[in-house]
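*Asks:* I'd like to ask some things about the structure below.
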Amino acid sequence: MDPSLTAFFEPASVAVLGASDDPSKVGGSVLANLKAGGFAGRIVPVNARRALVQGLPAVASIREAPGPVDMAVVAVPAPAVLAVLKDCVAHGVRGAVVLAAGFREAGGEGAAREAELRAWLADQPLRLLGPNCLGWIRPTRRLNLTFAPGMPRAGPLGFFSHSGALCTAILDWSREHGIGFSLFASLGNQADLTETELIEALVDDPETRVILGYVEGVADGRRFFEALRRAAAAKPCVLMKAGRSAEGARAVSSHTGALAGSDAAFQAAVVQAGAIRAETLEDLFDLARALAAQPLPASRRVVFVTNGGGLGILATDAARNAALDVAPLAPAARERLARVLPPGAALGNPVDLVGDATAARYGAALGALAGGAAAHLVLLAPQAATDALGVARAVLGATRGWRVPVLAVFAGGGRVRPGAQSLEDGGVPCYPFPERAVRALAGMVTLAERRALPREAFAPAVDRARVRAHVDRLAAAGAAPLGLAEGAPLLEAYGVPVLGARAVEDGAGAGRAARELGGAVALKIISPDISHKTEVGGVELGVPPEDAARAADALLARVRAARPWARLAGVLVQRMAPSEGVEMLLGAVRDPQFGPLVVIGFGGIYVEVLADTVTRLAPLGLAEVPAMLDELRMAPALRGARGRPPADLDALADAVCRFARLVADEPRLLELEANPLLVGAAGPLAIDVRGRIEGAP
């Protein structure tokens, strides 16, 4: 762990600046929490007007504190914060929690105050949490540096949040549900300590088994990604992010830019790092409970054991919606079950023990299954003679020593609560409804698959000098948005196939180009002002060479009439594309936080309508592309549909990785897009290209 954070994780002494006898005040609440929590270290109240605060000797200034002080909780108004922090540095304090609001979030004077604080911190040995935060809790050290009442249970979950208000709600909820934490941190405005540094610290914290976070954005996307990737390789990481829409809006010139907002970049970082994103707080902690207590599953295969057919059906439906495997049991397993279950029991999947199932019957059924699936879900509905506590004990006994995850659903209220609590205490997470349990299990499966995926970036042998020289020429010429003529050399230099074409000025040039290319050609208007060529009649397909001159002149006249203000640079004459294949989009944009992003999906003229795309950070590894394609709704079309041959997916993966390497290598490419990218049995072929380079209008 970063030595500069030792004071936060292992403090021997804490000072409370602004300490008060009144526990309704922030400084009084923090001091009361430290005392009530049982912190074993030295506590130093700082109060200029009182010699004794809450029964503890106080000092007028941190400079007067007897002996060293590791941590300071600053509970003074915002205008006084910087002055007392300077006193902390003078006394050798190594860490501080600033609770006060009135900084950047307040705008105006507050924003200026925070800017001054950040500038000062840059040259200081002091590490700071906040300002405008709830604080820091380390339950195993009985350390509660917040003004939230009560100490949460100690446990394996390391949690951080950008929202202090959300933290208070989660703390209250966690006590009711028995959730335990190794760390609970509210980051506030992050003038110093960030979510990325917390991730880096938690991966090295032996008390943390699962890393959880609620974030509203990240300042340094690439560092966040690298930290998350390192953490996820060692421990399960589950994040939730708010703000999916407007924050990603920005001026763009391509379909890709419109589709890849900052939320898509965050999602890409989470997936590629081998972590997982929760959609709701309930899902976040449901999954965290399972990850903290159970191993990851080795496959998507799950077996249900229930005493109620309805519960089993609900669980099966939820599992199929989550793409889990609910296949019937193997004959050998059915034979073992038949020997221990009554004739009325159903031996499929779910295994229905029928309504009068006893604890012994649950135990016998699980013993017969003996962990034969990748995961097991045990369901119970309270019947007239149901002994929920006995069933829980039977489940724990039968599954002890299993190396596959076991989750439970005890549906009901007070009658099943003792059994549910017994399971939780024994390390089997228990949920009130099948859907929640299945979502948690599906999250475990997804996490296992992502962590197992090889992530070595593809590094082909390419002519990088050729690309740099070409971009130099375009930049020197003040190139407008790139078209096929300007973009094709970039793709070709990195080995991405592009359909042959010639750029000409008029009909006579189109005739010559068509004869050189041979066969029927496509004619496309060249204009930096026209994105959708078909909408202005700017495309002609299947033109014979002998008709190319006349057709090009007609096309130019038609577009001039439709868009008299548009700049027309001529006509692109291109070989006709193969008739077989799926039209896709392969694009890239440069995100301000996460850098180059690659987007792949189903393209053509309806790309925004379909919005069937997947985003990743560049560069990519060959093994990552199939996983991207699997996320597309129309992925089955690539494997052959309605009698069409399957696409060459290996060649597609190679082209996607080469394209990703191109945009990662050349930072002046702000946007680049091959659309359509025709993907068929012969491999991918870029039909049209557009883009934008740094400095271009």
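*Asks:* For segment 270-327, which positions are small (Gly, Ala, Ser), out of contact with any strand residue (DSSP E or B) (no Cβ under 8 Å at 6 or more places or on another chain) and closer than 29 Å to Ala618 by Cβ? Give the derivation first.
*Replies:* Restricting attention to segment 270-327, the residues satisfying the condition of being small (Gly, Ala, Ser) are 273-275, 278, 288, 290, 292-293, 298-299, 308-310, 312, 315, 318-319, 322-323, 327.
Checking which are out of contact with any strand residue (DSSP E or B) (no Cβ under 8 Å at 6 or more places or on another chain) leaves us with 293, 298, 310, 318, 322-323.
Answer for segment 270-327, where residues must be small (Gly, Ala, Ser), out of contact with any strand residue (DSSP E or B) (no Cβ under 8 Å at 6 or more places or on another chain) and closer than 29 Å to Ala618 by Cβ: just Ala323.
*Asks:* Could you go through segment 72-81 and let me know if any residue there is under 15 Å from Ile43 (Cα atoms) and small (Gly, Ala, Ser).
*Replies:* At the first step, the residues of segment 72-81 found to be under 15 Å from Ile43 (Cα atoms) are 72-75.
Checking which are small (Gly, Ala, Ser) leaves us with 72, 75.
Yes, segment 72-81 contains a residue that is under 15 Å from Ile43 (Cα atoms) and small (Gly, Ala, Ser).
*Asks:* Of everything in segment 435-467, what is part of a helix (DSSP H, G or I) and more than 33 Å from the chain's Cα centre (by Cα)? Give them in sequence order.
*Replies:* Filtering segment 435-467 for residues part of a helix (DSSP H, G or I) gives 435-452, 464-467.
Result: Ala465, Arg466.
*Asks:* Also, I was wondering about something else. Do we find that Arg690 is among the charged types (D, E, K, R), in a strand (DSSP E or B) and surrounded by 22 or more Cβ atoms within 10 Å (Cβ to Cβ) in this structure?
*Replies:* Details: among the charged types (D, E, K, R): yes; in a strand (DSSP E or B): yes; surrounded by 22 or more Cβ atoms within 10 Å (Cβ to Cβ): yes.
Yes: the conditions hold for Arg690.
*Asks:* Could you list, in sequence order, all residues of segment 175-203 that are within 23 Å of Arg289 (Cβ to Cβ) and either surrounded by fewer than 19 Cβ atoms within 10 Å (Cβ to Cβ) or of a type outside the set (A, V, I, L, M) (or both)?
*Replies:* Arg175, Glu176, His177, Gly178, Gly180, Phe181, Ser182, Phe184, Ser186, Glu195
*Asks:* Moving on. For residues that are touching a strand residue (DSSP E or B) at 6+ places or on another chain (Cβ under 8 Å) and farther than 26 Å from Glu197 by Cβ, scanning just segment 8-22, find the one that is surrounded by the most Cβ atoms within 10 Å (Cβ to Cβ).
*Replies:* Filtering segment 8-22 for residues touching a strand residue (DSSP E or B) at 6+ places or on another chain (Cβ under 8 Å) gives 8-9, 11-21.
Now drop any that are not farther than 26 Å from Glu197 by Cβ, which leaves 19-21.
Values: Ala19: 27, Ser20: 21, Asp21: 17.
Taking the candidates together, the pick is Ala19.
*Asks:* Another question, if that's okay. Looking at Ala80, Ala90, Ala60, Ala96 in this structure, which one is surrounded by 15 or more Cβ atoms within 10 Å (Cβ to Cβ), at pLDDT 95 or above and small (Gly, Ala, Ser)? It would help to see each step written out before you state the result.
*Replies:* Values: Ala80 fails: surrounded by 15 or more Cβ atoms within 10 Å (Cβ to Cβ); Ala90 fails: surrounded by 15 or more Cβ atoms within 10 Å (Cβ to Cβ); Ala60 fails: surrounded by 15 or more Cβ atoms within 10 Å (Cβ to Cβ).
Only one candidate qualifies: Ala96.
*Asks:* Here are some residues: Val378, Val391, Val395. Which one is modelled with pLDDT of 95 or more, outside any helix (DSSP H, G or I) and under 12 Å from Val428 (Cβ atoms)?
*Replies:* Val378
*Asks:* Taking Asp172 as meeting all but one of (1) surrounded by fewer than 23 Cβ atoms within 10 Å (Cβ to Cβ); (2) under 23 Å from Phe103 (Cβ atoms); (3) acidic (Asp, Glu), write down the number of the exception.
*Replies:* Exception for Asp172: condition (2).
*Asks:* Return the residue satisfying two criteria in turn: it lies in segment 608-638 and is modelled with pLDDT of 90 or more and of a type in the set (Asp, Glu), and of such residues it is surrounded by the most Cβ atoms within 10 Å (Cβ to Cβ).
*Replies:* Filtering segment 608-638 for residues that are modelled with pLDDT of 90 or more and of a type in the set (Asp, Glu), the one surrounded by the most Cβ atoms within 10 Å (Cβ to Cβ) comes out as Glu624.
*Asks:* Further, regarding this structure: Only one of (1) of a type outside the set (Lys, Arg); (2) closer than 24 Å to Ala268 by Cβ; (3) modelled with pLDDT under 90 is not met by Met444, so which one is it?
*Replies:* Failed condition: (3).
*Asks:* While we're here: Could you list, in sequence order, the residues of segment 168-221 that are outside the structural domain of Arg141 (by TED's automatic domain parsing), at pLDDT 90 or above and of a type in the set (Gly, Ala, Ser)?
*Replies:* Matches in segment 168-221: Gly213, Gly221.
Table: residues versus (1) over 16 Å from Leu287 (Cα atoms); (2) loosely packed, with under 14 Cβ neighbours inside 10 Å; (3) out of contact with any helix residue (DSSP H, G or I) (no Cβ under 8 Å at 6 or more places or on another chain).
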site: Arg400; (1), (2), (3): yes, yes, yes
site: Val406; (1), (2), (3): no, no, no
site: Val445; (1), (2), (3): no, no, yes
site: Ala452; (1), (2), (3): yes, yes, yes
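*Asks:* Having 1 or more residues that are under 29 Å from Cys657 (Cα atoms) is the bar; report the strands (runs of 3 or more DSSP E) wholly within segment 502-595 that clear it.
*Replies:* Numbers: elements: 521-526, 539-543, 570-575, 582-591.
Per the criteria, 521-526, 570-575, 582-591.
*Asks:* Looking only at helices (runs of 4 or more DSSP H) that fall completely inside segment 599-674, which ones have 3 or more residues that are in contact with a Leu (Cβ under 6 Å, 6 or more places away or on another chain) and aliphatic (A, V, I, L, M)? Can you show your working first?
*Replies:* Values: elements: 607-610, 624-630, 649-665.
Those helices (runs of 4 or more DSSP H) span 649-665.
*Asks:* So Arg668 clears everything in (1) under 22 Å from the mean Cα position of the chain (by Cα); (2) modelled with pLDDT of 90 or more; (3) surrounded by fewer than 19 Cβ atoms within 10 Å (Cβ to Cβ) except one condition, right? Which one?
*Replies:* Here Arg668 clears every test but (1).
The values are calculated or read from the model by the stated rules, or taken from the named source; none is laboratory data. Only a predicted model underlies this, so the values are computations on that prediction, with no experimental measurement involved. All Cβ positions, even for glycine, are placed from backbone atoms using ideal geometry, and neighbour counts span all protein chains on display.
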